[in-house]
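Report on the following structure.
The values are calculated or read from the model by the stated rules, or taken from the named source; none is laboratory data. Everything numeric in this text was worked out from a predicted model, so none of it was measured. For neighbour counting, all protein chains shown are included, and Cβ atoms are generated from backbone atoms with ideal geometry for every residue, glycine included. Ligands, DNA and RNA are excluded from the accessible area calculation, which covers all protein heavy atoms including side chains. Shrake-Rupley method; radii C 1.70, N 1.55, O 1.52, S 1.80 Å.
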Amino acid sequence: MNNYIEKKISFIIIFLGSAFISAYGQNTNSPYSVFGPGELQQKGFGPNVAMGGTGIGMPSSNFINNTNPASYAGFDSLRFIYEMGAEYKYSKLSSQGDTRNDKMMNFKYVAVGCRLTDWLSTSLGITPFSNVGYSIVSSSTVEGTGSKFYSYYEGSGGINEVYLGNAIKLDKLSLGIHGAYLFGSIIQDELIVQPENLFSSFIMTRTHYLKSFYCDFGLQYSFKRKNWDYTLGAIYNPKQRLRSNYQEDVKTTSYSIVSSYKEESDDLVVPAKYGFGISTRKGPYIHIAADYEFQQWKGIRYLMRKGNFKNSHRIAIGAEARPWGDNMVTLDWYQKIIYRIGANYKTSFLNIDDVQITKAGITAGLGIPVKNLGTLMNFSFELATEGSGKKGLIRENYFLFHLNFSINESWFRKKIFF
């Protein structure tokens with residue numbers, strides 16, 4: 001192995017390894033992450049986010065599209081691609097006239113991808129799978145007395161995903177699979193306080209330590225009609241039980257352990273998900289995409305997080321445009337910018353007091369070429385609202401800024417000597 005390849009492999013190891021340091025920093029400030037496995041994270045990197053979260057029917061080209069593993073068949077055979085991204089979120093939570101503002105910034109993901117042969121492509125990366133982060137206070141009256149007790153709930157942690165995806169190309173059809181290792185912990189602390197008798201107060205900590213494998217599948221079919229290129233896509237995530245160690249500790253407020261309970265568990269269930277997408281492109285000038293996803297949450301039950309779950313639906317549309325084409329030699333700098341817009345709407349699996357939680361958002365962004373580096377700096381903005389103000393529930397309005405770098409390098413070009 002020559003020094004050039006050794007240096008490249010070393011860079012990849014450092015590039016991916018750095019994500020492990022930040023993986024446990026993934027977080028959210030959503031009160032709805034108290035339910036199920038937490039706030040499930042939508043797949044997709046820079047261009048996907050700016051185009052409303054679409055991607056099931058989009059082939060990968062100069063970026064990695066991890067929403068569908070079959071998309072990797074679209075990699076350029078001469079390119080090696082790196083992806084990294086970060087997010088900043090500013091949200092306003094409101095309920096019954098009360099409001100609270102929150103800020104959050106996270107390193108989001110890191111991934112690499114390339115074509116290995118004429119028919120086989122691959123991608124390796126680290127991304128968040130779900131996030132948990134909430135703080136809730138409730139009060140109740142002891143039956144038969146006028147005494148009140150207060151419960152303080154705090155949740156933290158999340159599940160991270162290390163994935164390896166492969167795609168094979170069969171003429172116009174491509175098939176893909178993601179194999180993933182999920183790890184992390186989901187922690188719920190409950191402090192129960194009786195103001196009249198502080199000595200009877202106690203803390204209950206419930207923790208899932210997760211280490212499990214996960215897989216999902218995808219396909220894409222591409223064809224041409226007149227001057228338009230079309231790609232149809234589909235994904236399937238089978239229902240899977242995630243293995244974990246469950247621990248429950250009960251302590252007094254002086255942290256003396258009253259009881260402790262441990263067991264191996266597989267009660268964290270990720271239900272089956274189906275998705276369909278289409279994209280169409282006219283040369284380098286315009287690209288339009290649309291997705292639909294369905295996840296079968298109805299009937300799912302959890303040990304730690306109760307909830308009356310309903311099936312989840314999500315639709316997304318997006319578009320990008322290069323008004324002056326993609327000739328990087330003759331165009332001026334501003335003419336190389338890619339413009340993107342999108343929108344999405346989702347009915348969540350959460351159904352609280354007969355109110356199903358929904359989310360709606362609009363997105364916009366730019367892809368800016370970085371001179372002499374073969375790199376696109378993608379950034380996008382999302383304005384969204386989630387939740388409901390009905391029946392004392394919480395509505396979250398937020399602004400999300402997403403920054404992504406897609407680094408393209410020529411690895412496989414043969415050198416010619418004269």
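If LYS169 satisfies every condition in (1) at pLDDT 80 or above; (2) open to solvent by less than 10 Å² (accessible area, probe 1.4 Å) but one, which is the exception? Every listed condition holds for LYS169 apart from (2).
Considering region 103-125, the residues that are touching a residue at least 24 places away in the same chain (Cβ under 8 Å) and over 20 Å from the mean Cα position of the chain (by Cα) include one that is farthest from LEU173 (Cα to Cα), namely CYS114. Working only within region 116-144, note down all residues that are modelled with pLDDT of 85 or more, of a type outside the set (S, T, N, Q) and open to solvent by 50 Å² or more (accessible area, probe 1.4 Å). Result: LEU116, ASP118, TRP119, LEU124.
Residues that are crowded, with 19+ Cβ neighbours inside 10 Å and without any contact (Cβ under 8 Å) to a residue 40 or more places away in the chain within region 315-337 comprise just one, ARG322.
Please verify whether region 364-373 includes one or more residues that are modelled with pLDDT under 85 and in a strand (DSSP E or B).
Taking region 364-373 and keeping what is modelled with pLDDT under 85, we get 370-373.
Going one step further and asking which of them are in a strand (DSSP E or B), we end up with 370.
Yes: one or more hits.
Using the structure shown, decide if ARG340 is in contact with a helix residue (DSSP H, G or I) (Cβ under 7 Å, 6 or more places away or on another chain), surrounded by 16 or more Cβ atoms within 10 Å (Cβ to Cβ) and modelled with pLDDT under 80. Spelling it out, it is not the case that ARG340 is in contact with a helix residue (DSSP H, G or I) (Cβ under 7 Å, 6 or more places away or on another chain), surrounded by 16 or more Cβ atoms within 10 Å (Cβ to Cβ) and modelled with pLDDT under 80. Screening ASP326 against (1) among the acidic types (Asp, Glu); (2) assigned to a loop (DSSP other than H, G, I, E, B); (3) more than 17 Å from ILE286 (Cβ to Cβ) leaves a single unmet condition, (3). Take ALA86 and tell me if it is among the hydrophobic types (A, V, I, L, M, F, W, C), in a strand (DSSP E or B) and in contact (Cβ under 8 Å) with a residue 12 or more places away in the chain. For ALA86, the condition - among the hydrophobic types (A, V, I, L, M, F, W, C), in a strand (DSSP E or B) and in contact (Cβ under 8 Å) with a residue 12 or more places away in the chain - is met.
Filtering region 374-405 to residues that are outside any loop (DSSP other than H, G, I, E, B), loosely packed, with under 15 Cβ neighbours inside 10 Å and at pLDDT below 90 leaves LYS390, LYS391, GLY392.
The residues in region 201-238 that are under 25 Å from the mean Cα position of the chain (by Cα) and either part of a strand (DSSP E or B) or aliphatic (A, V, I, L, M) (or both) can be counted, and the count is 23.
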